[in-house]
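What follows is a set of notes on a single structure, which appears directly below.
What follows is calculated from the coordinates using simple rules that are stated; it is not laboratory data. Since we're looking at a predicted model, the values are computed, not measured. When we count neighbours, we look across all protein chains shown, and the Cβ atoms used for this are built from the backbone with ideal geometry, even at glycine.
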Amino acid sequence: MTNAEIAATFDHVADLLEYQGSNVFRVRAYRNASRTIGSMVESLQTVRRDPDRALTDLEGIGADLAAKIETLLDTGRLPLLTDLEKQVPKVVFDLMRVPGLGPKKVKVLVDALGIDSLDALERACRDGRVQDVKGFGPKTQAMILENIAFAKNPEHTRLLWSEADGIATELVAWMRRCPDARQVEAAGSWRRGRETIGDLDLVVDSDAPAAVMDHLERWPECAGVLLRGDTKTSIRGPKDVQIDLRVVETASFGAALQYFTGSKEHNVRLRSRARERGLTINEYGVHRLEAGASVDDPRTKGRRVAGRTEEEVYEAVGLPWIPPELREGGNEIDRAERGELPVLVEITDIRGDLHMHTNATDGEDTLAEMVRAAVARGLSYIAITDHGQRVTMAHGLDRKRLLKQWDEIDRLNESLAADGSPPIVVLKGIEVDMLEKGGLDLPDDVLARADWVVASLHYGQNQPRERITARIVEAIENPFVRVIGHPTGRLINRRPPYDVDIEAVIEAAAHTGTFLEINANPWRLDLDDKHAAAAKKAGVKLVISTDAHSTRGLDVMRCGVLQARRAGLEKHDVANTRTLADLETLMAKKG
Ligand code: DGT
Ligand code: CA
Ligand code: CA
Ligand code: ZN
């Protein structure tokens, strides 16, 4: 069994246990194990076979889970799961794919209405039977109906970029161990950094395509071969993702990488530009057309003028190299031609992280652990932004607990500074909630004492557009609010954004000098690339934040940076690329 399959098995167990109403700690243990295993690059089998290591060294894996992993590796089955599956109706899994329907709600629906399929649930909503179930009501019924349509949309079954990235990293490392492969690169939407990925595309430079394809098929995570030709093959990988491999010779490698990186629209424009110059461009290279040669023949008889590298390909059509994140067929070719491509922000430009949680609210780790992890990641400042009191579910902070946390941060900063220049400065922050009726969940006299205030909207997400927009604009106008957290509230593949007039939000942010967040959590990426580009255009500064709920959560920064790059953001567009002193100068402009 592969890591991905074992992770999925544990997730499955967690769902079933939750459906049955098991102990929350038991459920959480399986979820954490699934997350740990899902984000591992090395295979569990390798760890197990290493005499110097034990499965129990892995975070969240105790003796019981380690034994279950061994059973899965040896037999491919888990008796516990077989038992659970017998006890729980199959329909439960389909229903849980509907945004907002967790194991508990599904159980109520199944028990009360005898729902046996997604279609049956849809009918029950239309007939008005769901609203009569205790705890549901007409609003929930309408929401379920909307979300069934969302769950049925094939767009919403695409992998998150970060999930695809875990697979791509492992795959590329495997292929680079193939003795016949000279160069190996992943291309397609993964390389362009799209928020979701349909399939993975791999380009390999080799003279021995058959050997390279055999090597791919021997990958331990390969779950089946879908098709095989002379120089291309497709397999099924973890999480059912399709992997398309293309093998080319060295002279064509740059052209193939360019072609399979796409996007299709970008390639179409590049091709027509080539034609205007008497050239053809395809996955084999750029060729100068000779009399009698056909544009439509991929191995055209023309003389090859480029193909070895991507730079060469772009140069042949009179352009500088264009970063993959910009290749979406917008105005990137015109900008490249005019020498006006942005110098995109990079992960190494990021100096601070201004949104994170500790175990004072719904985070997993302590203040000290978060600070240590931030130092280890080379950050020079962070803001601790636990939830305000409205978020009761997360044990949000009231005035008293918040001031106590801030005292703790004061002491921490003093001890960090005790030996001269401190490795990091910790800002006293808070993530306040925009209340359903307007206003924030902590008073201004408390916020006035904060170094950094994030305002977010977690409740009343189904309010009408004017209400939601007014709540956010009101928060923007509060003099102490520095940034709006995850401004549209969407969860990719799970929950649509709330109905908000984003243009009005951007305008208010520009007017007041309030920042807007690019939340780097791979489920959020909020603002998205298009909205972030619109914010930049309006003169708004963005803040890329991890919203980490554990030390590991700090690692998603690069997902946010990728979206910022797709938005065309440069270093100066992102507030947290500044030194703390320069950030404070920028903050002083609000008013
Ligand atoms: P995905 O997989 O849906 O997330 O998106 P992509 O962009 O990875 O698309 P995919 O895997 O179908 O193809 C990879 C790249 O190959 C695509 O971005 C551009 C190139 N490509 C594929 N089919 C065509 C085509 O018919 N014409 C052109 N010009 N390029 C193509
Ligand atoms: Ca693809
Ligand atoms: Ca593909
Ligand atoms: Zn947060």
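Before moving on, here are some points about what is shown:
- Converting phi to 3J(HN,Hα) with the Karplus coefficients 6.51, -1.76 and 1.60 and the offset θ = phi - 60°, segment 222-231 yields 6, 10, x, 9, 8, 7, 9, x, 6, 10 Hz in sequence order, with x at every glycine or proline.
- Here the label points at residue 56 and residue 393, each 7 Å from Cα along the C-beta direction, are separated by 3.6 nm in the simple model.
- Helices in the chain, meaning DSSP H runs of at least 4 residues, each add -39500 (n - 2.57). Divided by all residues, the mean residue ellipticity at 222 nm is -12500 deg cm²/dmol.
- Gyration tensor over the Cα atoms of the chain: the corresponding equivalent ellipsoid has semi-axes (square roots of 5 times the eigenvalues, largest first) of 41, 33, 26 Å.
- Calculated on the alpha-carbon coordinates, the convex hull of segment 347-587 measures out at 111 cubic angstrom per residue.
- Placing +1 on the Cβ of every Lys and Arg and -1 on the Cβ of every Asp and Glu, with no other charges, gives the chain a dipole of roughly 740 debye about its Cα centre.
- Here the gap between residue 315 and residue 437, fully extended at 0.36 nm per residue and compared with their Cα-Cα distance, gives a gain of 38.2 nm.
- When DSSP beta bridges are restricted to pairs lying wholly in the chain, around 45% turn out antiparallel.
- In this structure, the amide hydrogen of residue 159, modeled 1.01 Å from its nitrogen in the peptide plane, lies closer than 5 angstrom to those of 197, counting only residues at least 5 positions away or on a different chain.
- When Rg and Dmax are taken over the Cα atoms of segment 3-156, they come to 18.4, 61 Å.
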